[in-house]
Amino acid sequence: MDKRTFTRLLTGTAAAAALPRLSFAQGKTSVADLAGYTGADREQRLVDGAKKEGPLTIYTSAQTDDMGALVAGFQKKYGIKCTMWRASSEKVLQRAVTEARAGRHTVDILETNGPELESMSREKILQPVKSPNLAQITPGALRPHGDWVGTRLNVFVQAYNTKAVKKEEEPKTWEDLLHPRWKGRLGIEAEDQDWLAGVCAEVGEAKGLDLFRNIVKTNGISVRKGHTLLAQLVVSGEIPFALTVYSYKAEQFKQKGAPLEWLSIGTPIARANGVAVPRSAPNPHGANLFYDYEISEEGQKILASRDFVATNTKIPNPFSKTGIRLVDSQKMLDEYDKWTKVYGEIFGGGKG
């Protein structure tokens, strides 16, 4: 994410702070009324209302084919049309905040990374939703304020090209990456500050920072922008071993027969991605309906079929044996400048 954008949203502005939590809709049921409705007929009420509204507009940072599968399931079940605008998480954040401040009410669903959703919460543009399906969500994916909910976990794993790296070379500890065999063979994503914070929380901050400084100093590292790109470079062999690949993308490539294997050094670090309803959603029935659907068992099964780690407790968790260290999005946002600086100092100058 662009540092200036994040810093601005961290501190807030007078205009943002002055935004009252008022209902957007006039002359029809408001977003807040529907979000807070918990009656037994909630689903039917939302469906009936959504059929009278326009197509849903979804802003998402998920890959089009992944989010497309979820949208297709929603449209098939309810007959409610959806349009998607896909961009990076920082651009989703920028557009959502810019439109809200300008009084442009065009988006119904915001679907992106946890820290960006947390920023939107601080900008007071999200509506807490009392979905009955929240009872099925793992506690770590629930936010105290209720403005958004984690729908899937981006789990950071390590991945290697099986033609370039032998099975017996698999590192068992981070210290193993100090071995000369890894010189010129390592890669990492350009903005994984939250991963670094998570690893340091596990091994100790001073130890973790010194360790990765030594790894880069000893063997170098190739820094690339984008997790999908990083995984693709592992598949091609350009980067034999990557430190921060999303587990779902690694598994997708592996299932397609790519020469890729993945593992986890220590407890896997994860960041929640989530969904939120803007308090100014122009199609409030449909927006609440989609929110409910994404965290339902049915919606979560679709995400799991795309190799995501679902947050609904009724869906099997592939990391149930190892456990997961979930990075707190709120804390990460508060400490963004610190971890951005140290991440850049360690990996920004790495050469592969």
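For the criterion of being more than 23 Å from the chain's Cα centre (by Cα) and not assigned by TED's automatic domain parsing to the domain that holds THR106, LYS254 fails. Of all residues in the range 56-80, those that are surrounded by fewer than 18 Cβ atoms within 10 Å (Cβ to Cβ), under 17 Å from ASN288 (Cβ atoms) and free of Cβ contacts under 8 Å to residues at least 60 places away in the same chain total 2. Restricted to the range 168-206, and to residues there that are touching a residue at least 24 places away in the same chain (Cβ under 8 Å) and among the basic types (Lys, Arg), the residue that is farthest from THR267 (Cα to Cα) is LYS183.
Identify, please: which residue in the range 70-112 is small (Gly, Ala, Ser) and part of a helix (DSSP H, G or I) and is, among those, farthest from GLY150 (Cα to Cα)? Quick ask: steps written out before the conclusion?
Our first condition is that a residue be small (Gly, Ala, Ser); within the range 70-112, this holds for 72-73, 79, 87-89, 96, 100, 102-103.
If we keep only those that are part of a helix (DSSP H, G or I) too, we end up with 72-73, 89, 96, 100, 102.
On the way: ALA72: 20, GLY73: 19, SER89: 15, ALA96: 18, ALA100: 22, ALA102: 27 Å.
This residue is ALA102.
Residue pairs whose Cβ atoms lie under 8 Å apart, separated by 6 or more positions or on different chains, with the first residue in the range 97-126 and over 21 Å from LYS81 (Cβ atoms) and the second of a type in the set (Asp, Glu), are VAL97/GLU123; ALA100/GLU123; PRO115/ASP194; GLU116/GLU90; LEU117/ASP147; MET120/ASP147; SER121/ASP147; LEU126/ASP147. Of all residues in the range 235-257, those that are at negative phi and of a type outside the set (A, V, I, L, M, F, W, C) have Cβ atoms under 7 Å from Cβ atoms of residues that are in a helix (DSSP H, G or I) and at pLDDT 95 or above, 6 or more apart or on another chain, in THR244/TRP195; LYS249/ALA231.
Among the candidates PRO171, PRO144, PRO115, the residue that is part of a loop (DSSP other than H, G, I, E, B) and modelled with pLDDT under 95 is uniquely PRO144. The set of residues in the range 18-69 being in a helix (DSSP H, G or I), more than 18 Å from ASN283 (Cβ to Cβ) and at pLDDT 95 or above consists of GLY68, ALA69.
The numbered conditions (1) in a helix (DSSP H, G or I); (2) of a type outside the set (Lys, Arg); (3) under 30 Å from LEU34 (Cβ atoms) are all true for LEU153 except (1). Taking the range 207-296 as the region of interest, the strands (runs of 3 or more DSSP E) fully inside it that hold 1 or more residues being at pLDDT 95 or above and surrounded by fewer than 20 Cβ atoms within 10 Å (Cβ to Cβ) are 222-224, 260-263.
State whether the residues of the range 302-312 include one that is over 27 Å from VAL234 (Cβ atoms), outside any strand (DSSP E or B), within 19 Å of the chain's Cα centre (by Cα) and not charged (D, E, K, R).
Residues of the range 302-312 over 27 Å from VAL234 (Cβ atoms): 312.
Subset that is outside any strand (DSSP E or B): none.
Within the range 302-312, none of the residues are over 27 Å from VAL234 (Cβ atoms), outside any strand (DSSP E or B), within 19 Å of the chain's Cα centre (by Cα) and not charged (D, E, K, R).
The values are calculated or read from the model by the stated rules, or taken from the named source; none is laboratory data. Keep in mind that this is a model prediction, so the values were computed, not measured. Note that we place each Cβ from the backbone using ideal geometry, even for glycine, and neighbour counts take in every protein chain shown.
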